[in-house]
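Notes to accompany the following structure.
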Amino acid sequence: MKTFTTIIVSVTIALFFGCTPQTSGLSNGATTSDTLDQILVNQVGFLPNSVKIALLRVKTETFDVVDVKSGKVVFTGKPEGFKYWEFSGDSVCSADFSKVVAPGKYQICTNGKKVCSQIFEIGEGIYNNLAKASLKAFYLNRSGMEITNEFGGKWARAAGHPDTSVLIHSSAVSTNRPEGFKISSPGGWYDAGDYNKYIVNSSISTHTLLLFCQMYPEYCKQFIANIPESSNNIPDVIDELLYNLRWMLTMQDPDDGGVYHKLTNKSFCGFVMPDKANEPRYVVQKSTAASLDFAATMAMASRVFAKTDVAELTDLGKRCLVASKSAFAWAKANPAVYYTNPSDISTGAYDDTRIKDEFFWAASELALATSDYSLVTKKTLDNQVVCVQSWDSSAMLGIISLALSNDPKASELKTQSQKILIGFADQLVEKSESSPYKVSLDFYKWGSNSDVANQAIIKLAAFKINNNSKYLVSAQGDVDYLLGRNATGYCFVTGFGGKQVMNIHHRPSGADGIVEPCPGFLAGGPNTIVLTDCPEITRSNFPAKSFSDAQCSYSTNEVAINWNAPLFFLMGAMDALKK
Ligand code: 9MR
């Protein structure tokens, strides 16, 4: 366990309309964590030509951008008026310093440098390390593999969970696989801070990485994350997702095509390292949602792999398509097998009973992979609930895939999907333009940070379609939010920023004896769903502020593969586009 147990309670500073001026009384440049939270800024930084906006909680006529090295003011600007945000319960004003383009390290300061922001950088490669670290986080979460010093640095650890002898749970029995029968299901990523592997969540995570490969193929070819497979002839993003996809394939029952919902311990283990967590592992009940999500992801994989010139991948892609078709057929024959945890299993449920979107997603991906568009009707597309994608809302994943298709046979569905996607992306942009915190987010669920990143993916897909820079400006706002310009003042990616999250709910990070958490992980983010996860800590009732950098705060400070995938997507895309 960590040698220190400092718990930083998220500070809820009551600020009102027309905020009170800061009176820290510190000399030039001296700042405390409280004063640092008075100016919220992306703590990693900006590409030279991007829009750059900080948020001020302090009343001031002007603000300065100060070059850290020389101490000189390089730009002075006037902030806009204060705006109250119902989600944070405070008022902020926006400070635009886009005119500062010279590479370097800066701070925003006001009131004669008494109040300054965290330090940030402007530079060409500013998001490169973040993209690398956020992909590397998947490597650090690999199950059944030793994390070596060469690739894991100080987060090297022994392999855990070989999963070569996994029991068929009573909920998953079939003629050829009775209860207690053993199957081999090695590899894959741990889902989150726990050590279980869930098909529903693995699917959207893997699909998000596949979508990235589809949208930015040239970037992927040169992108090196320093993982064990980096020296082979396959792009690292694909190598990393293969580690999970190959595991997913083992979760399909070869006899009927159905897919087990998850591979799991009976209950969550304590905060021990993976190799010390040796409780029996089970595959549990097949479910319609898992089979559909699996079908969608495998169909998408077959398309992406077919575009590569690597024989190993094109061959695997063919296998994925076969697997996709049989999983889809199982789901059609078993359309309402909803998952709920059996009485002796208490790990994550990923239970979803509204699965018309999963049917649509799987059908769309299969249609695109086979060019058989009889699988999706325009009516099915029009009947989808259009919202940001998440593990239980997959319509948008199908819409994005159809909207980006190059298949002439898809043209009618493509046109309609583009219309839906652009319409939704426009709404997101409008929201970010009118939001005091300059984000589109107007709801706070468990994993709220991933909703921010997923909204950015929709904007990036819209940008891909019509090249309108307003989508990039809005996505930059999402980057800025995640990296510090949010109501908590934290940079939400471990290992980055001036105010870092240190105590993520992540078993290896909690058990490894290393002060710094595994880097490159996106903390779930603020929300008020479970205010009592840390009995000793009182969190804000304002959802945007309701975050605790404490290991016990599983509802705000856990990490998860479906949150890191959109993080990687966003950082990789910004790095690839460099605009
Ligand atoms: O991300 C999931 C969130 O939407 C649910 O509200 C929550 C409670 O069911 O579960 C979250 O997923 C967790 C999963 O069940 C188990 N591994 C950790 C995941 C992230 O907290």
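Tell me which strands (runs of 3 or more DSSP E) are completely within the range 81-125 and hold 1 or more residues being in contact with a Gly (Cβ under 7 Å, 6 or more places away or on another chain) and among the aromatic types (Phe, Trp, Tyr), or say none if there are none. If you could, list the steps in order and put the result at the bottom.
Working: elements: 83-85, 90-96, 104-110, 120-122.
Those strands (runs of 3 or more DSSP E) span 120-122.
How many residues are buried (at least 24 other Cβ atoms within 10 Å of the Cβ) and not in a helix (DSSP H, G or I) if we restrict to the range 505-532?
Matching residues across the range 505-532 total 11.
Going by the structure shown, is Phe82 within 30 Å of Ser540 (Cβ to Cβ), in contact with a strand residue (DSSP E or B) (Cβ under 6 Å, 6 or more places away or on another chain) and open to solvent by 50 Å² or more (accessible area, probe 1.4 Å)?
Answer is yes for this residue.
Do we find that Lys136 is among the charged types (D, E, K, R), open to solvent by 10 Å² or more (accessible area, probe 1.4 Å) and either assigned to a strand (DSSP E or B) or farther than 29 Å from Val559 by Cβ (or both) in this structure?
For Lys136, the condition - among the charged types (D, E, K, R), open to solvent by 10 Å² or more (accessible area, probe 1.4 Å) and either assigned to a strand (DSSP E or B) or farther than 29 Å from Val559 by Cβ (or both) - is not met.
Scanning for something of a type outside the set (Lys, Arg), under 20 Å from Met396 (Cβ atoms), within 25 Å of the chain's Cα centre (by Cα) and in a helix (DSSP H, G or I), does the range 323-332 turn up at least one residue?
yes
Taking the range 332-349 as the region of interest, how many residues are aliphatic (A, V, I, L, M), within 14 Å of the ligand (Cβ to nearest atom) and surrounded by fewer than 18 Cβ atoms within 10 Å (Cβ to Cβ)?
The total comes to 1.
Give the residues of the range 549-562 that are within 14 Å of the ligand (Cβ to nearest atom), of a type in the set (Gly, Ala, Ser) and not in a strand (DSSP E or B), sorted by residue number.
Restricting attention to the range 549-562, the residues satisfying the condition of being within 14 Å of the ligand (Cβ to nearest atom) are 551-562.
With the extra rule that they be of a type in the set (Gly, Ala, Ser), the set shrinks to 553, 555, 560.
Those that are within 14 Å of the ligand (Cβ to nearest atom), of a type in the set (Gly, Ala, Ser) and not in a strand (DSSP E or B): Ser553, Ser555.
Give me the pairs: first residue in the range 375-388 and assigned by TED's automatic domain parsing to the domain that holds Asp451 and closer than 20 Å to Phe328 by Cα, second residue modelled with pLDDT of 95 or more and open to solvent by 50 Å² or more (accessible area, probe 1.4 Å), beta-carbon distance under 7 Å, and six or more apart or on different chains, which are they?
Matching pairs, first to second residue: Lys378/Glu412.
Given the structure, is Thr377 open to solvent by 30 Å² or more (accessible area, probe 1.4 Å) and over 18 Å from Thr297 (Cα atoms)?
Yes; evaluated as a whole, the condition is true for this residue.
Specify which of the listed residues (Val304, Val283, Val259) is open to solvent by less than 40 Å² (accessible area, probe 1.4 Å), at pLDDT 95 or above and in contact with a Gly (Cβ under 9 Å, 6 or more places away or on another chain).
On the way: Val283 fails: in contact with a Gly (Cβ under 9 Å, 6 or more places away or on another chain); Val259 fails: in contact with a Gly (Cβ under 9 Å, 6 or more places away or on another chain).
Only one candidate passes the filter, namely Val304.
In the set Val58, Val74, which member is part of a loop (DSSP other than H, G, I, E, B) and of a type outside the set (Gly, Ala, Ser)?
Val58
Have a look at Thr528, Thr538 and point out the one that is over 20 Å from Met502 (Cα atoms), outside the structural domain of Ser448 (by TED's automatic domain parsing), among the hydroxyl-bearing types (Ser, Thr, Tyr) and out of contact with any His (no Cβ under 6 Å at 6 or more places or on another chain).
Thr528
Do we have any residue at all in the range 178-194 that's over 14 Å from Arg281 (Cα atoms) and assigned to a strand (DSSP E or B)?
yes
Just wondering, is there one or more residues in the range 184-202 that are more than 16 Å from the ligand (Cβ to nearest atom) and β-branched (Val, Ile, Thr)?
No - not one qualifying residue is present in the range 184-202.
The values are calculated or read from the model by the stated rules, or taken from the named source; none is laboratory data. Being a predicted model, the structure only gives us computed values, none of them experimental. Cβ atoms come from the backbone with ideal geometry, glycine included; neighbour counts cover every protein chain shown. Surface accessibility is based on the protein's heavy atoms, side chains included, excluding ligands, DNA and RNA. Shrake-Rupley method; radii C 1.70, N 1.55, O 1.52, S 1.80 Å.
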